[in-house]
């Protein structure tokens, strides 16, 4: 339906496949009919050095892509007012995806009890607020999507846990944050990961995003080649939501 993917990792990210090369990713995306993509390795993958970012940008240019390829970055919230990236580093990327729930990473603020849906829900809202408030955030990566490796639950258990968690998310606070995101032009990622992790109840959240004027960012969050084609799983969801081209988040065009 939509030929874009703004959340793709490469082998530079420690969590990605070791053979996931940018030189191969771009041709595959071109063959699959993509018109615009974004490479978004984790900020710590660059060793927080500008020269490494410049090397990545040069690697994209060497591929001589026939499609638009952005160099973004995935950063994360450590706690309120404390992102993992600073402004001097963020300035060298086309956009910043801010993840509010990277609980598997060192230094990230955790819910007081990962086994209690209520406490997780309250904490997820707190971290979402932190991501929206951060001046470096261009889009929020996978909000309210629970990762199986963190919660150690089966797909069925994770689905029930997630549905119960969302009952504890204050809707008035959530709407207020979505209104702020809309005003600032911050996108909200919709990824096939929420389908893989059996959390289809989040469709209601994405519907609320659209109702509040927040644009959706389409991202596969691919870490290996077989995940590059995963966006097809989103097509029925996007159709169900009635998403139009105007409701999609796009990176700003920068001249480097």
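Derivation of every value follows stated rules applied to the coordinates shown; laboratory data play no part. Bear in mind the structure is a predicted one, so any value in this text is a computation, not a measurement. For neighbour counting, all protein chains shown are included, and Cβ atoms are generated from backbone atoms with ideal geometry for every residue, glycine included.
Taking 0.36 nm per residue of separation and subtracting the current Cα-Cα distance, fully stretching the chain between residue 245 and residue 133 would add 37.7 nm. Taking the C-alpha atoms only, the angle from helix 50-62 to the longest principal axis of the chain is near 60 degrees. Please check which bits of region 14-40 a label hung off residue 149 would reach, taking the label as a point 7 Å along Cα-to-C-beta and the cut-off as backbone N under 18 Å. In region 14-40, the label zone of residue 149 (backbone N under 18 Å from the point 7 Å along Cα→Cβ) covers 14-21, 40. Placing a pseudo-label 7 Å from each Cα along the Cα-to-Cβ vector at residue 81 and residue 52 gives an inter-label distance of 2.9 nm. When both bridge partners sit in region 4-247, DSSP labels roughly 10% of those beta bridges antiparallel. A straight line joining the Cα centroids of region 60-102 and region 7-29 runs 15 Å.
Across the alpha-carbon set of region 90-154, the Rg to Rh ratio works out to 1.00, Rh being the Kirkwood radius. Between helix 171-184 and the chain there is an angle of about 20 degrees, using the helix long axis and the longest principal axis of the Cα atoms. The long axis of helix 117-133 is offset from the longest Cα principal axis of the chain by roughly 40 degrees. Size descriptor for the chain, Kirkwood hydrodynamic radius: 18.4 Å (Cα pairs only, one decimal). If the segment from residue 67 to residue 106 were pulled out straight at 0.36 nm per residue, it would be longer than the present Cα-Cα gap by 10.4 nm.
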